[in-house]
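What follows is one structure encoded as structure tokens, with my remarks underneath.
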Amino acid sequence: MGREWKMREFLESATGFPAVVFTSALVVVLAFWLLAMFGAVAADSFDTDVDLGAGSLTSRRTSPCCWLPG
């Protein structure tokens, strides 16, 4: 009887408000890694490359202060 009470308390705590956010994120991560382990998805399937040079601050010289020349 004591074990059932402890398990019920654990499940209520894991599915309570603040913890349910982290619990659901953990479930998503574990599901992804299980799929990756069995070969259903590639481990780097969420790897993306972002072009930072097109239309961003890296395409021109800037200085820390906008009134100083670059």
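Inside segment 32-47, residues that are part of a helix (DSSP H, G or I) and exposed (fewer than 11 other Cβ atoms within 10 Å of the Cβ) make up a count of 1.
Here M7 meets each of (1) part of a loop (DSSP other than H, G, I, E, B); (2) of a type outside the set (K, R); (3) modelled with pLDDT of 85 or more with one exception, condition (1).
The values are calculated or read from the model by the stated rules, or taken from the named source; none is laboratory data. In this text the structure is predicted, and so the values were computed from the model without any measurement. So basically every Cβ, Gly included, is an ideal-geometry build from the backbone, and we count neighbours across all protein chains shown.
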